[in-house]
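Student: The structure follows.
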Amino acid sequence: MDHKLEEFVQKLKSSAAGNLKAVALYGSAVTGEFHSKHSDLNLLCILEQADAARIEALHAAVEWWLKQEHRAPLVFTLEELARSADVFAIELLDMKTHHRMLHGDDVLAGIAVPLHYHAIQVERELRTDWLRLRQAILVAPKKGDVYLSLMTSSFSAFAALFRHVLIVSGEPLAANKRDVIERVGQFAHADPSGFLTILDFREGKRKGREIDVEETLASYFAFVEAVTDQFDRQLDARK
């Protein structure tokens, strides 16, 4: 992984020349919870200028990266990143907490995240992803492998939001996804078994044939609902 990252950064530097100010790796690759089958390598690129011509200059490097089966990096100027902190409070808090600079200065250290917008974004994202899960269940074929894929693909987004529920609640930072799920289950007085089953599956500790998928889906969905409702009640109590 490090070799590919280094090669990609070199390609970006060659393509962008002096316009590339920083590249940061963030997410599960930094927290130690990276799983090649389910995780992405998340990269942030900071450019001096990000007009169409300078973005296009990175095309060949990014095309090579995509062929390595990785997602395209996020691209910002430093001013854009700082001015976006109010609408990307969740993402920037995560980046600031866990990142590794691959090129340039640590630009994330100087970004201030306005926390009064943070709780609102957490609630909105929880509601949005909950509705997406409901819609996905509504239209999905009633097949175990489809349901298992649905839960596996949505797991990371929910785990990240659960971590931010704990942050808004004033809890200490969780050590890992398992800690997040167990602690947010206590917060919502909800059974975390569905999420823990999917975490075990993602980590290779359980095989799909060992899982009662419909039972797990019912528990998984109920957990999202319970956390979302409890968080909403908490925010209402603060008003």
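The values are calculated or read from the model by the stated rules, or taken from the named source; none is laboratory data. The structure presented is a predicted model; accordingly, all values stated were derived computationally and were not measured. Every residue, glycine among them, receives a Cβ derived from its backbone with ideal geometry; neighbour counts consider all protein chains shown. Just so you know, the surface numbers come from the protein's heavy atoms only, side chains and all, with ligands and any DNA or RNA stripped out. Shrake-Rupley method; radii C 1.70, N 1.55, O 1.52, S 1.80 Å.
Student: Taking Cα atoms, how many degrees apart are the long axis of helix 144-168 and the longest axis of the chain, rounded to 10 and kept between 0 and 90?
Tutor: With both axes taken from Cα atoms, the answer is about 80 degrees.
Student: Taking N as the number of residues in the stretch 87-179, what is its Cα Rg relative to 2.2 N^0.38 Å?
Tutor: Numbers: Rg = 16.0 Å, N = 93, 2.2 N^0.38 = 12.3 Å.
So the stretch 87-179 has a normalised radius of gyration of 1.30.
Student: So what's the chain giving for Cα Rg divided by 2.2 N^0.38 Å, two decimals?
Tutor: 1.09
Student: By its C-alpha gyration tensor, with a ≥ b ≥ c as the square roots of the eigenvalues, how is the stretch 64-140 shaped: rounded for a/c under 1.5, else prolate for a/b larger than b/c, else oblate?
Tutor: oblate
Student: Tabulate in residue order the Karplus-calculated ³J(HN,Hα) for the stretch 109-115, using 6.51 cos²θ - 1.76 cosθ + 1.60 with θ = phi - 60°, rounded to whole Hz; enter x for Gly and Pro.
Tutor: 4, x, 7, 9, 9, x, 5
Student: Cβ under 14 Å from Glu48's Cβ, Glu48 left aside: what net charge do those residues give with Lys, Arg +1 and Asp, Glu -1?
Tutor: Residues near Glu48 contribute -1 overall.
Student: Provide the descending list of Cα extents for the stretch 120-239 along its principal axes, expressed in whole angstroms.
Tutor: 45, 30, 20
Student: Give the percent of DSSP beta bridges with both residues in the chain that are antiparallel, rounded to the nearest 5.
Tutor: Values: 10 of 14 bridges.
Roughly 70 percent of the DSSP beta bridges within the chain come out antiparallel.
Student: So for the pair Lys143, Ser14, with labels modelled 7 Å out along Cα→Cβ, what separation do we get in nm?
Tutor: For Lys143 paired with Ser14, the spin-label model returns 4.3 nm.
Student: Short version: ³J(HN,Hα) in whole Hz for each residue of the stretch 3-15, in order, from phi by Karplus 6.51 cos²θ - 1.76 cosθ + 1.60 (θ = phi - 60°), x for Gly and Pro, what are they?
Tutor: Result, ordered by residue: 4, 5, 4, 4, 5, 5, 4, 5, 5, 4, 4, 5, 6 Hz.
Student: Just from its helices, what would the mean residue ellipticity at 222 nm be for the chain, if runs of 4 or more DSSP H residues each count -39500 (n - 2.57) and the sum is divided by every residue, rounded to the nearest 500 deg cm²/dmol? Let's see the in-between values first.
Tutor: Values: 11 runs with 146 residues, N = 239.
Helix-only estimate at 222 nm: -19500 deg cm²/dmol.
Student: Also, I was wondering about something else. At 1.4 Å probe size, what's the solvent-accessible area of Phe221? Round to the nearest 10 Å².
Tutor: 40 Å²
Student: Further question: Size of the dipole of the chain about the Cα centre, Lys and Arg at +1 and Asp and Glu at -1 on the beta carbon, nothing else charged, in debye to 20?
Tutor: Magnitude of the dipole: close to 280 debye.
Student: Please give me the summed charge of the neighbours of Arg127: other residues whose Cβ is under 15 Å from its Cβ, Lys and Arg +1, Asp and Glu -1. If you can, show how the numbers build up before the last one.
Tutor: Numbers: positive: Arg124, Arg132, Arg134, Arg233; negative: Glu123, Glu125, Asp129, Glu225, Asp229, Asp232, Asp236.
In short, -3.
Student: Right, something else. Considering only protein heavy atoms and a probe of 1.4 Å, how much of the accessible area of the chain is carbon and sulfur, as a whole percent?
Tutor: 51 percent
Student: What number comes out for the charge environment of Leu58, summing +1 per Lys or Arg and -1 per Asp or Glu over other residues with Cβ under 15 Å away?
Tutor: Cβ neighbours under 15 Å give a net charge of +1.
Student: Using each residue's phi in the stretch 41-46, evaluate 6.51 cos²θ - 1.76 cosθ + 1.60 at θ = phi - 60° and report the 3J(HN,Hα) Karplus result to the nearest Hz, with x for Gly and Pro.
Tutor: 8, 9, 10, 10, 10, 9
Student: Another question, then. Calculate how large, on average over all directions, the projected area of the Cα convex hull of the stretch 32-91 is; give the answer in nm² to one decimal.
Tutor: 5.3 nm²
Student: Which order do His98, His189, His70 take when ranked by solvent-accessible area (1.4 Å probe, heavy atoms of all protein chains), largest first?
Tutor: Largest to smallest exposure gives the sequence His189, His98, His70.
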